[in-house]
Structure formats: C-alpha cells, structure tokens
Amino acid sequence: MIEFKGVHLTYNSGTTALVDVNFRVMDGEFVFLVGPSGAGKSSIIKLIMREIVPSAGEVLVNGYNNKKMKKRHIPYLRRTMGIVFQDFRLIPHMTVYDNVAFAMRVTGASGSAIRKRVPYILDLVGLSHKARSLPCQISGGEQQRVGLARALVNNPSMIIADEPTGNIDAQLATDIVDLFDEINRRGTTVLMVTHDTKLVDRHKHRVIELRNGCVVSDTGGDAR
Amino acid sequence: MRFSSFRYLIKEGVKNIWLNRLMSLASIGVLSACLLMIGLAYLVSVNISNALGWMERQNVFMAYVEEGADPIEVEQVGRDILSVGNIAECVFISREQAFESVSELLGEYKYLLEEFKEDNDFLPDAYKITVEDLELFDETVYHVQQIDNVSHVRSRRESADLILKIRKLVTNIGMWLFIILFVVALFIIANTVKLTMYVRRLEINIMKSVGATNNFIRLPFIVEGIILGLFSAIFTYGVTWYLYRTLVVSTMEGMVGGLAPYVVKFSDVSHNLLAGFVIAGVVIGCFGGLISIHRYLKDEGGVYNVG
Ligand SMILES: Nc1ncnc2c1ncn2[C@@H]1O[C@H](COP(=O)(O)OP(=O)(O)OP(=O)(O)O)[C@@H](O)[C@H]1O
Ligand SMILES: [Mg+2]
C-alpha cells in the first residue's frame, strides 16, 4: 500500500515540486499517474522509492515510513517494489537472462533459486526465446519487457513505472501495458506514470492527475 | 552470507580489475614502488641493527701509539697496557701489518690505498687489546687512554654511537616515508576503485534500485582493492628479493668481503618482509576501496538518475 498524507516537497534548489499531495493506493490496484511535464510525477516516484524525503507530510509505503525509517532499511523497502525506468537501464554487456538474474543475485538469492525463477519470469514477459541475446540485439519494446522482468523477478508486491512506454512506439506500448494488466490481474499493484492519453483511455483504470504539484483529479476517489 | 553470493562478489572484484586493467596495472605499479621503498628502508634498518648488535658484543679495542714514538717507547706502551688489568690479550700491530689487513679487506679495490702508503698518520702503530670482563670495558678503555704515548683509542663502541645515530635517522626517515607513501598508495587505490565505480555506475544504480544492501554493493570494490594490494605485495616481495640479492649482497661481497658477515641474509627477514607487504597491501587496498565507495554511495547515491 502507498499512502501520501499532506505531502509537500521543495528541492534544495528552491523549486517546489509537490503541494499538499494526498492519495492512497490499495494493494492490487492499477493506477495511472498523469500530468504535464514538470507536474511532479517523477518526484512522487522518487518519494515512493525513498530516494528523497518530503519537506512536510508523510509517505507510507508497504509498512515503511519514508521519513522515520532507518537508512539501512532502504534496500528492504525497495525489495517490496519493482521499478521500471523509461530508459530501460539494461546492462549492455549482459545477456537478457543475466540482466534479470542480476537483480536476484545482488539481493543474495541462491543459484538454484535464480535458475528456477528467471526462466519463469522470462516466459511471463514472452522473452524465453531471447534469453541469450544482448540488449542491443532486441527491440525497444523487448528491452522494456526485460526491464519489467527484472522488476518482477524478486516477486515484489508492486510495480512502480515512470513512463515505461516513453521510449517505444505506440503499438509496442500497448503490448507493454497489456503485460502490466496481466501482472496486475495476478495480484501485483501497479503505479504507472504516463503522458500517453490514448493508453489511459484504452485501459480502464484509476487515474490520478497532477498539475503544478497538486492532485487536480483522482478517479479512484478515497483521497482522504 | 551464502557461499554462492560470496563467490559472486569475489568474481565481481576480479572482473573489476580486468575491466579497468590499465588503471589496475598503474596502481599496482605505484603501490609496489611505495612498498618497495618501505621495504628497503626496513632492510637498511635491520642491517644497521645487526651491525650494532655485533659491535656491542665485541670485547676488542685499539690503542694507537703517538706518532714519532721510538721503538722502546712503543714497547713500553705494550707493558703499560698489560699492567692496567682486565686485559686478556694485547697484540702489537705495526703500521705495515695494518696496511696489509686493510688492503685485504678492500679486496680488488685495494689500489685506492696506494696513495696513502707513504702517509705515516694514516695508519699508526697500534695495539689490539682484548678485555677479559666485558662489564669493565669502558673503565679499561679509560685507563689505557691515560698511558703515556697513547694518542687515542678506538673501540667499536664509538662507531656504535655513530651507527646508533644513523639508525635513529633511518628509523625517522622510514617512519615519515611510511606515512607519506601510505597516504599516496591509499589515494592511488581509491582513485582506481573510483574509476571502476564510474565504469560500473549503471550496475551500481540497478543494484540500488532492486534493493541490494550497501555491503553487497561495496564488497566487490573492496575485493578489488585487496586484490590490487595483494598483487603489489607479492610483486614487491619478488623485486626486493632480487634487488637485495643481486645488488646489495653480491656487490658487498665483491667489494668489501670483510663486511659480508654483518649483512643480514635475505632468508632471515623474508618472512617479516612478506608478511609486512601483504598486511600493508591488504590494508591499503581495503581502505582505498572503502574510501571511494563511501564517497560514491554518499555523493552519487541516487537511483533515479544515472550519472
Ligand atoms: N533534483 C531536482 N532538483 C531540483 N529541482 C528538481 C529536481 N528534480 C525535479 N525538479 C523540479 O521539480 C519539478 C517537478 O519535477 P518532476 O521531475 O517531478 O516532473 P515530472 O512530472 O516527472 O515531469 P516530466 O513529465 O517532464 O518527467 C520540476 O519543476 C522540476 O524542475
Ligand atoms: Mg518525470
């Protein structure tokens, strides 16, 4: 569960990015976070993954309080979520398989767990046949599916995606969101930032709209 | 930690070195140079200590006869010395004999002495005196000094005082050298590791975003530092061994064969030297790695943006 309570955020530079943001995302929900450039969408993502702390208010994520939690617990908070980036962030010299296995390995998973889990996840995103390819040998849409596989491999309870379709063309973007849908149907919470109104219209989900750091509409309702 | 994780971290550390091999080689070079200087300072100091110890155990001193004393006076000096007491042996060494033994000591370099051959002041007649009780050494030397026609005495203890001063100097220089080179080496390793970290920043970024602990992120870089330190230690040990044997020991033996017994054998110090190098290398490597990763995780620790 994600809960923002009266969150204000002002960066050190003096820019105010968020003003009194309140919303709650329940387990199993699918939420689109939309708004124009500079509205504060990425700032919300950064707060959720505890890259930054709010200037005022509270951010609660999967039982962790953003501000009060100990620094050494940050890795464990992040293990409860899978993060997908707009620019994929695949390691270029590693195969698709290794890119996904990497996320398990560095959180201390055993070799046998990795050998069991990675093929399953690659199958889920439809990339079993590309396991031995390098990122440069597959399309943008496929690269983002690898990114999603990596986010999913540690079995997080939610997926946080900042414009995951921003760098791929329209048709492939729909496929990616279909995949997010599928994952959501299996019980994983999804919070997806997007600019793409067509995607939002096509997939009927809750939409939170930000403008100038304020939540201006929320189709989900229980903001407070 | 799981064994598989441990193996993985070691592998990553080795990979770091390979990924950044030019810089790794350079830092091994600099670190080795630092360790080599520290090692050589140690060897000099050990040799001085050895010579000092040997000298302190000597119960022999020389009494030189006044220049221009006639043979009868010289003989009288010998009798006077024996009457001082605590004298085990008193042997007369004429100027000619002294000259011979010095030439012998110098071996092939004895031509250096040729120009001194006619200089009477250079090596006067002397008595070589062995004392009975070492406890009374200084007292005996003092009494001999008071004898008529004894110009001066020279005990090895006098040279020992000089050597003691030299040792103090060498120890001091060695200490400073060690501190300065330690910092230099630390800096070099830290920079190498930092460069590797820059090369691997995407991986670090992903590790953080998927929830790897700081220790897990840190370890490969510490392993990298330690391996660099170990390589340097072993390399330096080899170089020191070679230098010490070929340069120091063999030239000494050729030049002044008489000094050979004072020179410490490499095998006597090899254990200390190797242990010292390995410990210094590992400590410097470990701290170098830690310093840079600490700074990196602090300053550029962001997950959202990749540098
Ligand atoms: N690290 C930062 N330091 C200072 N100001 C920042 C920082 N990051 C973002 N901002 C500012 O905060 C505001 C919100 O930025 P944010 O990145 O959250 O917007 P966004 O909605 O994600 O925009 P986009 O759609 O372009 O990605 C902007 O005015 C931005 O300039
Ligand atoms: Mg953004």
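The values are calculated or read from the model by the stated rules, or taken from the named source; none is laboratory data. The structure presented is a predicted model; accordingly, all values stated were derived computationally and were not measured. All Cβ positions, glycine included, derive from the backbone under ideal geometry; neighbour counts span all protein chains shown. Quick note on the areas: whole protein, heavy atoms, side chains included, nothing else; ligands and nucleic acids left out. Shrake-Rupley method; radii C 1.70, N 1.55, O 1.52, S 1.80 Å.
Working only within region A:140-186, note down all residues that are farther than 17 Å from residue A:29 by Cβ and of a type in the set (Lys, Arg).
Matches in region A:140-186: A:145, A:150.
Please determine whether any residue of region B:159-175 is open to solvent by 80 Å² or more (accessible area, probe 1.4 Å), farther than 30 Å from residue B:50 by Cβ and not aromatic (Phe, Trp, Tyr).
No, region B:159-175 contains no residue that is open to solvent by 80 Å² or more (accessible area, probe 1.4 Å), farther than 30 Å from residue B:50 by Cβ and not aromatic (Phe, Trp, Tyr).
Take the conditions acidic (Asp, Glu), under 16 Å from the mean Cα position of the chain (by Cα) and open to solvent by 10 Å² or more (accessible area, probe 1.4 Å) and apply them to residue A:20. Does it pass?
For residue A:20, the condition - acidic (Asp, Glu), under 16 Å from the mean Cα position of the chain (by Cα) and open to solvent by 10 Å² or more (accessible area, probe 1.4 Å) - is not met.
Within region A:56-74, is even one residue in contact with a Lys or Arg (Cβ under 6 Å, 6 or more places away or on another chain), open to solvent by 50 Å² or more (accessible area, probe 1.4 Å), without any contact (Cβ under 8 Å) to a residue 60 or more places away in the chain and more than 16 Å from ligand 2 (Cβ to nearest atom)?
Yes: region A:56-74 contains one or more residues that are in contact with a Lys or Arg (Cβ under 6 Å, 6 or more places away or on another chain), open to solvent by 50 Å² or more (accessible area, probe 1.4 Å), without any contact (Cβ under 8 Å) to a residue 60 or more places away in the chain and more than 16 Å from ligand 2 (Cβ to nearest atom).
Return the total of residues in region A:31-55 being under 21 Å from residue A:71 (Cβ atoms) and away from ligand 2 (no atom under 11 Å from the Cβ).
Within region A:31-55, residues that are under 21 Å from residue A:71 (Cβ atoms) and away from ligand 2 (no atom under 11 Å from the Cβ) number 9.
So which residues in region B:60-89 are open to solvent by 40 Å² or more (accessible area, probe 1.4 Å) and part of a strand (DSSP E or B), if there are any at all?
Of everything in region B:60-89, those that are open to solvent by 40 Å² or more (accessible area, probe 1.4 Å) and part of a strand (DSSP E or B) turn out to be B:62, B:88, B:89.
Do we find a residue being within 17 Å of residue B:196 (Cα to Cα) and within 13 Å of another protein chain (Cβ to nearest Cβ) anywhere in region B:26-44?
no
Every residue in region A:136-165 that is open to solvent by less than 10 Å² (accessible area, probe 1.4 Å) and either in contact with a Pro (Cβ under 9 Å, 6 or more places away or on another chain) or of a type in the set (Phe, Trp, Tyr) (or both), please.
Within region A:136-165, A:144, A:146, A:147, A:148 meet the criteria.
Across region A:33-55, what is the number of residues that are open to solvent by less than 20 Å² (accessible area, probe 1.4 Å), more than 20 Å from residue A:199 (Cβ to Cβ) and facing chain B (nearest Cβ under 10 Å)?
2
Looking only at strands (runs of 3 or more DSSP E) that lie completely in region A:126-224, which have at least 2 residues being more than 18 Å from residue A:81 (Cβ to Cβ) and either of a type in the set (Ser, Thr, Tyr) or touching a helix residue (DSSP H, G or I) at 6+ places or on another chain (Cβ under 9 Å) (or both)?
A:206-211
Looking only at region B:196-226, count every residue that is small (Gly, Ala, Ser) and away from chain A (no Cβ under 11 Å) and tell me the total.
1
Go through region A:162-184 and give me each residue that's within 16 Å of ligand 2 (Cβ to nearest atom) and not β-branched (Val, Ile, Thr).
Answer for region A:162-184, where residues must be within 16 Å of ligand 2 (Cβ to nearest atom) and not β-branched (Val, Ile, Thr): A:162, A:163, A:164, A:166, A:167.
Would you point out the residue of region A:185-204, among those that are touching a strand residue (DSSP E or B) at 6+ places or on another chain (Cβ under 8 Å) and open to solvent by 50 Å² or more (accessible area, probe 1.4 Å), that is nearest to ligand 2 (Cβ to nearest atom)?
Here the answer is A:195.
Given the residues A:117, A:79, which is the only one that is at the interface with another protein chain (Cβ under 9 Å from one of its Cβ atoms), open to solvent by 50 Å² or more (accessible area, probe 1.4 Å), away from ligand 1 (no atom under 16 Å from the Cβ) and touching a residue at least 12 places away in the same chain (Cβ under 8 Å)?
A:79
Out of all the residues in region A:88-106, which are open to solvent by less than 10 Å² (accessible area, probe 1.4 Å) and closer than 15 Å to residue A:142 by Cβ?
A:96, A:99, A:100
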